[in-house]
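Here's the structure we're looking at; comments come further down.
The values are calculated or read from the model by the stated rules, or taken from the named source; none is laboratory data. Here the structure is a predicted model, which means the values were calculated and not measured. Glycine also receives a Cβ, built like all others from the backbone with ideal geometry; neighbour counts cover every protein chain displayed.
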Amino acid sequence: MVVIGGGFGGAAAARALVAADPRLAVTLIEREAVISTGPGSNAVIAGLRDAASIRFAAAAIPGVTRRQGEAVAVDPLARRVRLGDATMLDYDRLILAPGVDIDWDGLPGYGRAAAEIMPHAWTGEAQTILLRNKLAAMQDGGTVIMSIPASPIRCPIAPYERASLIAWFLKTHKPRSKLLVLDAKEHFSNQANFQAAWKALYPGVLEWVGLPDGGRVTKVEAAIGRFETEFDDHRADLGTIVPPQRAGAIAVAAGVADRTGWCPVDPATFESTLVPGIHVIGDAIIAGAMPKAAHAAGEHARACAAAIVASLGGAPFTPMRLENICYGLAAPSYGFSVRGAYLPNGKLLNEIAGSAKTSPQDAPAEMRAREAEEADGWYRQITAATFA
C-alpha cells in the first residue's frame, strides 16, 4: 500500500490501513518535513495565533514506512510511483490525498509574482505570514479588498471566516480602515450566520458584494492594487486573493483528474472511476454534497481503507455513513458550526435527509463563545490524531 500526501486525509488513511490489517506494508509519502495546516491559518493572519501553533512535524505512524519526498509520476499499468529523486516504489493499491493546487490560469492577471503583492495565503506558511505582515503594515484608513472565486474550493466556510477575522483586526487595530469582499458566488456556507455577525460586529467596516451585484472578479493588476469586475473597478491598499483551485498536481499526473480539474471517484470505495487501483480522498475529489474539509478527508480515509481491506480479503463491503463538521469564527469568541452526514448515491455523496445542523441565527452570546471554544478543541483533537 502506498499513500501519497501526509495531511488530514493521507495520514488518516495510513493509520486506518495498518489498524485494519497490521500485515499490510504501508508507505506514506509526504513532501514536507513540517506541515502548516489550513485550519488555524485565518487566526494567524489576524494575529490571534502564532504561526508556530499551526505547524506540525509530518506524522510518524507505527507500522507505516514514511518517505519524505515528492511523488512526481504514476505508472498505473506497472503500478509504480516515481519520486522526485528518481526513486521508484511499487504498489498493489495506491491512495492519493493530494489536496488542492492553485489554478494559476483561473484568474487573469494573477500568478506567482502577483501573489507576492496580493497574497493568497491559501497554501504554504510563507503566504500566510506574508498576508499577516502586510495587514499589520497597512496604514490605518486603508482599504483591503478580498476576492473569492466560484465553487468548488477547499473548505467553503474558510473565506468567510477569513473576511470576518480581517474585519476584526481592522476594527481593533486600524479602525479607519475598510474591507471589501468581492465574491463570485451568490450563496455560501453558513451565510445567514456570517452576515448577521457582520451586521452586528462590523458595520461600516466589512462590505460583501455577491455575484448578482458584480462581485465576480474578472482580472487583477497587482502592481496597482486593481480589481476588475463585470460592473466596476476597485483599488486596494492591500489585496488578497482566495484563488481558483484544482486537484493537486500528482492527481493530474496519475490521470485521475478529469477536465474539471477534479477527481471523479466511486463514493463508497473512493476508487478512481478513471484509473483502477488508484483511490483518491480528501479535497481533490468530486464529492457531491460533502464539503472539501479536513474532517471530511479523515472520513474519506477510513471508508477508503475499509473498502481496500475488504477487497483484498474478498469480503463484502457495506458503504459507510460519513460525517462532517465545519466551524467558523466571526470574532475570537464568536463561533458557529455546520454539520452533516452523507451516504453514496450513484456517483456522488448525498446528504442524508434531516442530518444537516447549523448553529441557530438567534443563538445567545454564551453559545457563540462556547462554539468558538469547541472550534479550538476540534482543531487540537484533529491535529493530535493526524500528526501525533
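Against the numbered list (1) closer than 30 Å to Gly5 by Cβ; (2) buried (at least 23 other Cβ atoms within 10 Å of the Cβ); (3) modelled with pLDDT of 95 or more, Ala197 comes up short only at (1). Within region 275-302, if we keep just the residues that are over 16 Å from the mean Cα position of the chain (by Cα) and buried (at least 24 other Cβ atoms within 10 Å of the Cβ), the residue that is nearest to Gly7 (Cα to Cα) turns out to be His279. When residues in region 20-52 are screened for being small (Gly, Ala, Ser) and either modelled with pLDDT under 95 or exposed (fewer than 15 other Cβ atoms within 10 Å of the Cβ) (or both), 3 of them pass. Met88 meets each of the listed conditions (1) in contact with a Lys or Arg (Cβ under 6 Å, 6 or more places away or on another chain); (2) without any contact (Cβ under 8 Å) to a residue 40 or more places away in the chain; (3) under 20 Å from Thr269 (Cβ atoms) apart from (3). Going residue by residue through region 124-134, is there one that turns out to be of a type outside the set (Lys, Arg), closer than 29 Å to Gly7 by Cα and modelled with pLDDT under 95? Within region 124-134 (the criterion being of a type outside the set (Lys, Arg), closer than 29 Å to Gly7 by Cα and modelled with pLDDT under 95), the answer is yes, since at least one residue qualifies. The single residue among Glu271, Glu299 that is in contact (Cβ under 8 Å) with a residue 12 or more places away in the chain, in contact with a His (Cβ under 7 Å, 6 or more places away or on another chain) and in the same structural domain as Glu70 (by TED's automatic domain parsing) turns out to be Glu271. Among strands (runs of 3 or more DSSP E) entirely within region 50-151, having at least 1 residues that are within 15 Å of Arg31 (Cβ to Cβ) singles out 55-57, 64-68, 71-75, 80-83, 88-90, 94-96, 100-102.
The single condition among (1) more than 22 Å from Gly40 (Cβ to Cβ); (2) of a type in the set (D, E, K, R); (3) buried (at least 22 other Cβ atoms within 10 Å of the Cβ) that Glu186 does not satisfy is (3).
Do you know which of the residues in region 333-349 that are part of a loop (DSSP other than H, G, I, E, B) and modelled with pLDDT under 95 is surrounded by the most Cβ atoms within 10 Å (Cβ to Cβ)? Per the stated criteria, the residue is Lys347. Restricting region 4-20 to residues that are within 16 Å of the chain's Cα centre (by Cα) and not in a helix (DSSP H, G or I), the residue that is nearest to Arg79 (Cα to Cα) is Gly5.
Checking each residue in region 18-29 for being in contact with a helix residue (DSSP H, G or I) (Cβ under 7 Å, 6 or more places away or on another chain) and not hydrophobic (A, V, I, L, M, F, W, C) picks out only Asp21.
Applying the set (1) on the phi > 0 side of the Ramachandran plot; (2) more than 23 Å from the chain's Cα centre (by Cα) to Arg93 leaves exactly one unmet item: (1). The single condition among (1) in contact with a strand residue (DSSP E or B) (Cβ under 8 Å, 6 or more places away or on another chain); (2) part of a loop (DSSP other than H, G, I, E, B); (3) more than 26 Å from Cys263 (Cα to Cα) that Arg23 does not satisfy is (1). Limited to region 257-310, what total is found for residues that are in a helix (DSSP H, G or I) and farther than 14 Å from Gly99 by Cβ? Residues flagged as in a helix (DSSP H, G or I) and farther than 14 Å from Gly99 by Cβ within region 257-310 amount to 11. Selection of region 209-248 for residues being among the hydrophobic types (A, V, I, L, M, F, W, C), assigned to a strand (DSSP E or B) and crowded, with 21+ Cβ neighbours inside 10 Å yields Val217, Val220, Phe227, Leu238, Ile241, Ala247. Only residues that are assigned to a helix (DSSP H, G or I), of a type in the set (S, T, N, Q) and surrounded by fewer than 17 Cβ atoms within 10 Å (Cβ to Cβ) were counted across region 351-388, and they come to 1. Residues in region 314-332 that are in contact (Cβ under 8 Å) with a residue 24 or more places away in the chain and either exposed (fewer than 14 other Cβ atoms within 10 Å of the Cβ) or not in a loop (DSSP other than H, G, I, E, B) (or both): Arg321, Leu322, Glu323, Asn324, Ile325, Cys326, Tyr327, Gly328, Leu329, Ala330, Ala331. Taken together, Gly69, Gly63, Gly47, Gly10 contain a single residue that is touching a His at 6+ places or on another chain (Cβ under 9 Å) and either free of Cβ contacts under 8 Å to residues at least 24 places away in the same chain or in the same structural domain as Val309 (by TED's automatic domain parsing) (or both), which is Gly47.
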